[in-house]
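Heads up: the structure comes next, in structure tokens.
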There are 2 protein chains.
Amino acid sequence: MKRYRNGEIWDFEHEVAVATNRPVILGLDGGTTSTVCICMPIMPFSDALPDPLPVLARAVAGCSNHNSVGETAARETLEQVMADALSKSGSNRSAVRAVCLAVSGVNHPTDQQRILTWLRDIFPTQVKLYVRNDAVAALASGTMGKLHGCVLIAGTGTIAYGFTEDGREARAAGAGPVLGDWGSGYGIAALALTAVIRAHDGRGPHTMLTSTILQTLGLCSADELIGWTYADPSWARIAALVPVVVSCAEAGDEVANKILKEAVQELALSVKAVVQRLGLCGADRKNSFPLVMVGGVLEANQRWDIGREVMDFISKDYPGAHPIRPKFA
Amino acid sequence: MKRYRNGEIWDFEHEVAVATNRPVILGLDGGTTSTVCICMPIMPFSDALPDPLPVLARAVAGCSNHNSVGETAARETLEQVMADALSKSGSNRSAVRAVCLAVSGVNHPTDQQRILTWLRDIFPTQVKLYVRNDAVAALASGTMGKLHGCVLIAGTGTIAYGFTEDGREARAAGAGPVLGDWGSGYGIAALALTAVIRAHDGRGPHTMLTSTILQTLGLCSADELIGWTYADPSWARIAALVPVVVSCAEAGDEVANKILKEAVQELALSVKAVVQRLGLCGADRKNSFPLVMVGGVLEANQRWDIGREVMDFISKDYPGAHPIRPKFA
């Protein structure tokens with residue numbers, strides 16, 4: 001299906017009874033699980049954003065990471081969620097002055113260029129377009145819009161991203177499950193499943209993870225895990241086992257504790273690599289900088305608090321790192 | 001498409017001008033890359049197989065691992081290759097007395113039962129059917145048919161499988177890329193790719209793997225590896241980089257050497273787990289047993305010989321392990 005994008009009518013556009021002419025901007029946060037678009041009025045420029053933000057409309061759609069669902073589906077999701085947000089705010093395309101799109105899977109200038117081309121098919125040249133990795137939006141969500149400091153995301157995947165005040169940037173990890181994102185939710189859970197297999201076939205020590213994971217998944221034996229893994233390649237399905245690993249670690253299981261400790265080191269290492277390359281800590285390593293921490297792996301713990309352990313690790317090297325856990329990430 | 005399997009005509013069957021009535025057996029070795037079927041006459045039972053084997057016909061098809069291509073494609077590949085072998089030998093279904101099918105992806109009794117059901121749809125109840133993991137065929141290929149000892153396969157994937165003379169069996173690894181088959185070709189190459197990403201983003205040491213792998217893949221920068229990995233999830237495509245890792249290790253690269261040394265330990269550990277569980281080495285750990293070694297990772301090396309290193313590791317614990325590298329695996 002070839003969508004009609006740059007004529008009078010945009011295929012995704014809803015009819016709006018009485019469209020306002022109030023100029024608006026669209027902000028999108030696109031992830032592997034869901035994509036959110038907000039529509040806001042243009043505001044006079046100032047350092048501080050109003051709190052609460054004057055959001056005219058908010059729309060939600062599914063995955064917009066092209067690495068996960070392919071380019072066609074990612075593009076349609078992005079267009080659909082923008083059209084929904086515009087419709088809900090009583091606006092249409094002609095009111096849009098700028099689009100800021102932060103989406104996971106933007107790893108290379110060619111990814112950025114591809115999405116800019118999609119957007120330019122819809123919006124004329126005077127509309128300002130910004131396309132970035134979703135880590136950039138996560139950082140901004142913790143610093144009220146200012147791009148300075150470092151953000152660590154650890155959900156299903158993980159990435160560290162940093163900016164200096166003079167506009168330099170750097171990232172670490174965020175390379176996907178094959179390429180060693182070992183502190184991610186996927187990474188933690190895959191190691192836990194591996195530990196179960198290794199205990200079962202005699203390559204590794206006995207672990208409480210075996211009974212707990214098999215019970216959680218409704219399986220009878222460790223060798224059924226092989227078929228379970230193959231049945232659905234979704235990373236999020238594997239990563240959903242992180243709370244089981246945490247509960248086993250809290251109950252004293254050594255294998256689970258080792259997995260979490262290694263994840264903490266991996267996550268801290270990603271932040272350190274970014275801070276070091278950008279010199280965010282200054283020459284004496286003591287400068288203050290914001291460290292925004294986002295994602296289920298850093299949040300959803302009880303006694304075993306992965307986020308706090310990561311922060312402890314980082315603070316030893318960089319005492320000026322100032323942790324921020326944003327309200328909306 | 002529903003194939004017509006158990007009537008007079010089998011959809012896969014070719015017309016044979018003058019079918020012989022000589023009774024035959026079919027032997028299949030099904031892997032993730034290719035599937036081979038041979039058709040042989042029934043021979044008088046004896047301990048020793050004739051050399052060369054009296055093969056009437058040999059047919060080759062693609063992947064028959066249902067975990068890789070799905071059940072429908074795996075089933076059709078198996079049927080097609082059997083029909084081809086029968087046709088080439090001038091036989092048809094009615095001449096078949098036994099089918100011995102050794103295929104990768106048979107990890108659980110339910111896998112075995114599913115394939116037995118497929119075969120029983122084609123062959124009547126008096127035909128003997130045997131369905132096993134392909135590691136069993138690999139062992140038999142090194143011991144001239146006798147199921148005793150241990151086999152280590154290390155190609156794109158890896159598995160260790162063992163049998164005692166009284167019929168007990170055990171396996172280790174062979175659980176696929178998510179579940180820690182770390183000494184496999186896929187495992188080695190994925191760690192090498194990870195090392196390139198980590199060197200690039202500041203999490204790991206500089207390595208010769210960067211320039212060598214990027215040149216091999218025709219890429220300009222390490223961050224292009226992310227897109228390259230996502231573009232095609234085939235394990236074999238990743239595993240094809242093993243010779244690059246070996247050449248970097250031979251040229252003295254520390255990161256590549258560390259990856260290969262860890263792979264050697266992982267592969268040796270799989271064998272040791274099987275030997276230990278079956279007691280193949282006897283109470284004093286000195287009993288002699290055959291260790292069949294198969295697959296590209298164990299074969300295709302020059303100065304850095306992974307297979308020899310694995311054997312050295314195993315011999316320290318089990319001096320009676322007798323390495324065999326079969327002609328046809």
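Points worth noting:
- Close amide H pairs (under 5 Å, H built 1.01 Å from N) link A:ARG132 with A:LEU101, A:ALA102, A:VAL103, residues at least 5 positions away or on another chain.
- FRET efficiency for the A:ARG285 to B:LYS258 pair, using the beta carbon distance and R₀ = 41 Å, is estimated at 0.90.
- Quarter of Cα convex hull surface for the stretch A:45-127, i.e. mean projection, nm²: 6.6
- Rg/Rh for chain A (Cα atoms only, Rh after Kirkwood) is 1.02.
- The distance linking the stretch B:145-223 with the stretch A:66-120 is 38 Å (Cα centroid to Cα centroid, whole angstrom).
- Taking chain B as a Gaussian network of alpha-carbon nodes connected by springs under 10 Å, the highest mean-square fluctuation of the residues B:VAL255, B:VAL151, B:VAL127 belongs to B:VAL127.
- Nearest residue to the symmetry axis between B and A, taken on chain B by its Cβ, in whole Å: B:PRO233, 4
- Simple rule: put +1 on each Lys or Arg Cβ and -1 on each Asp or Glu Cβ in chain A, find the dipole, and look at A:PRO52, A:THR207, A:PHE12; the Cα lying farthest toward the positive end is A:PRO52.
- Put in line by how crowded their Cβ is, counting other Cβ atoms within 10 Å and starting with the fewest, B:ILE306, A:ILE314 read A:ILE314, B:ILE306.
- Test item: A:90-99 mean partner chain Cβ contacts at 10 Å: 0
- Cα principal axis extents for the stretch A:143-259, largest first, Å: 56, 31, 25
- For A:GLN215, the label point sits 7 Å beyond Cα toward Cβ; its separations from the matching points on the remaining copies run 5.6 nm, from shortest to longest.
- Exposure proxy ranking, count of Cβ atoms within 10 Å, fewest first, for A:TYR130, A:TYR318: A:TYR130, A:TYR318
- Counted by neighbouring Cβ atoms within 10 Å, the residues B:ARG120, B:ARG203 run from fewest to most as B:ARG120, B:ARG203.
- With label points set 7 Å from Cα along Cα→Cβ, the inter-copy distances at A:ALA236 are 3.2 nm, sorted shortest first.
- Debye equation applied to the C-alpha atoms of the stretch B:86-218, log10 I(q)/I(0) at 0.11, 0.16, 0.20 Å⁻¹: -0.60, -0.92, -1.15
- Other-chain or far-sequence residues with amide H under 5 Å of A:GLY204's (modelled H): A:ALA199
- Taking the square roots of five times each eigenvalue of the Cα gyration tensor of the protein assembly as shown, the equivalent ellipsoid has semi-axes of 52, 32, 21 Å, listed largest first.
- Rounded to the nearest 20, the size of the Cβ-charge dipole of the stretch B:146-329 about its Cα centre is 500 debye, with Lys and Arg at +1 and Asp and Glu at -1.
- Applying 1/(1 + (r/R0)^6) with R0 = 35 Å to the Cβ-Cβ distance of A:LEU116 and A:ASP317 gives a FRET efficiency near 0.40.
- Three principal axis extents describe the C-alpha atoms of the stretch B:173-329; from largest down they are 55, 32, 30 Å.
- Sorted from greatest to least, the principal axis extents spanned by the alpha carbons of the stretch B:222-299 come out as 53, 30, 18 Å.
- Span-like helix ranges in chain A, DSSP H, alpha carbon extent 27 angstrom or more, Kyte mean at least -0.5: A:254-278
- Entries of A:LYS258/B:LYS316; A:LYS146/A:LYS316; B:LYS286/B:LYS316; A:LYS272/B:LYS258; A:LYS286/A:LYS316; A:LYS261/A:LYS286 with Cα pairs more than 20 Å apart: A:LYS258/B:LYS316; A:LYS146/A:LYS316; A:LYS272/B:LYS258; A:LYS261/A:LYS286
- Point-charge dipole on Cβ atoms (K/R +1, D/E -1) for the stretch B:248-319, about Cα centre, debye to 20: 360
- At full extension, B:GLN126 and B:THR216 could sit 27.1 nm farther apart than now, given 0.36 nm per residue minus the alpha carbon distance.
- Each Lys and Arg Cβ is given +1 and each Asp and Glu Cβ -1; about its Cα centre, chain B then shows a dipole of about 720 debye.
- Using a 7 Å Cα-to-Cβ projection, A:ARG168 label spacings across copies, nm, ascending: 6.3
- Across peptide B:226-235, the mean count of Cβ atoms from other chains lying within 10 Å of each residue's own Cβ comes to 4.
- Distance between the stretch A:233-280 and the stretch B:288-307 - C-alpha centres, whole angstrom: 35
- Other protein chain C-beta atoms within 10 Å of residue C-beta, averaged over A:267-276: 2.
- Look at the dipole of the stretch A:160-245 built from charges on Cβ: of A:GLY183, A:ALA239, A:SER221, the Cα furthest out on the positive end belongs to A:SER221.
Every number in this text was worked out from the coordinates using simple rules, so none of it is lab data. As the structure is a prediction and not an experimental result, all values here were calculated from the model. Glycine also receives a Cβ, built like all others from the backbone with ideal geometry; neighbour counts cover every protein chain displayed.
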